[in-house]
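**Q** Pasting a structure here, questions to come.
Bear in mind these aren't lab numbers, they're just calculated from the coordinates by the rules spelled out. Bear in mind the structure is a predicted one, so any value in this text is a computation, not a measurement. No Cβ is skipped: glycine too gets one built from the backbone with ideal geometry, and neighbour counts run over all protein chains shown.
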Amino acid sequence: MSETATPAPTGAITHAFILAAGLGTRMRPITDTLPKPLVEVAGRALIDHALDRAAEGGITRAVVNVHHLADLVEAHLARRTTAPLVSISDERVALLETGGGIKKALPLVGDDPFVVFNSDSFWLEGPRSNLARQIAAWRPDAMDILLLVAPTATSLGYEGNGDFVMAADGRLQRRGEREVAPFIYAGVAIVKPELFADTPDGAFSLNLLFDRAAERERLFGLRLDGQWLHVGTPGAIAAAEARVKASAQVP
């Protein structure tokens, strides 16, 4: 993009990594010919919703990984003319999953804490940017990872048992087997790059880092102010668009 990034305050989180390399199998047959990040909801591609949310929260630079139908994603991003500035991490040779993809791209992300976005992170915003709230809540002395989490019961299109229980101070723990948890991961996390030092080479899940942080009692959550919309299948697109229309806002 051609726009010059505005300098951020000292200590601010300004870099993001957007996970956009997945195969999108649950979105088939759409994703047979169109990568999931380019699926449109409310008139914009999912990845543009994520990048716009990032810009609203103060992110000036983003790294996007590509694998499935990578040429289409790269061409789409090259046409963006708004913040943040975007760099590409190429995973055409091998899909590295969420953790491995980020680890490969760390030289592009830098040495400071950064935000990880799922490219299909999608929600109706509250009165203030949720990412700005999350960055303001970040406390690196106490936290290794800070997740944006949404209430399981009110998240549109989600039918699972939830991911986490949250203590009064915001600490997160995984739900137990056969239990139902009140919060679902909303696809946005602040992480420290040093957490990747002792991780496998090649493909691995970001959940490895979440679990390690939880064991150290350094995994925290921030409740989303708004409504999370789970756009995981073709049928979920119409439901999400209807909710956006009903809310009289386009995120």
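**Q** Quick one: longest stretch of the chain between exposed loop trypsin sites (Lys or Arg not before Pro), exposed meaning at most 11 other C-beta atoms within 10 Å and loop per DSSP?
**A** 93-177
**Q** Modelled label-to-label distance, Asp225 and Asp169, 7 Å Cα→beta-carbon offset: nm?
**A** Each label point lies 7 Å from its Cα, and together they span 2.4 nm.
**Q** Could you put Glu241, Glu217, Glu177, Glu194 in order, starting from the residue whose Cβ has the fewest other Cβ atoms within 10 Å? Can you show the working numbers first?
**A** Details: Glu241 17, Glu217 14, Glu177 6, Glu194 11.
The most exposed by this proxy come first: Glu177, Glu194, Glu217, Glu241.
**Q** Rounded to whole Å and sorted largest first, list the principal axis extents of the Cα atoms in the stretch 138-223.
**A** 36, 29, 22
**Q** Using helices alone, I'd like the mean residue ellipticity at 222 nm for the chain: each DSSP H run of four-plus residues gives -39500 (n - 2.57), total over residue count, nearest 500.
**A** -7500 deg cm²/dmol
**Q** Step by step: find N for the chain, compute 2.2 N^0.38 Å, then divide the Cα radius of gyration by it. What's the final number?
**A** 0.95
**Q** At 0.36 nm per residue, minus the direct Cα-Cα distance, what do Ala78 and Glu40 gain on full extension? Give it in nm, one decimal, please.
**A** Stretched out fully, the Ala78 to Glu40 stretch lengthens by 12.0 nm.
**Q** If you average over every viewing direction, what projected area does the convex hull of the Cα atoms of the stretch 2-139 give, in nm²?
**A** Details: hull surface 35.3 nm².
Across all orientations, the stretch 2-139 yields a mean hull projection of 8.8 nm².
**Q** Rounded to the nearest 20 debye, what is the charge dipole size of the chain about its Cα centre when +1 sits on each Lys and Arg Cβ and -1 on each Asp and Glu Cβ?
**A** For this selection, approximately 400 debye.
**Q** Further, regarding this structure: What would the Debye formula give as log10 I(q)/I(0) at q = 0.17 Å⁻¹ for the alpha-carbon point model of the stretch 63-168, no solvent?
**A** Evaluating at q = 0.17 Å⁻¹ gives log10 I(q)/I(0) of -1.12.
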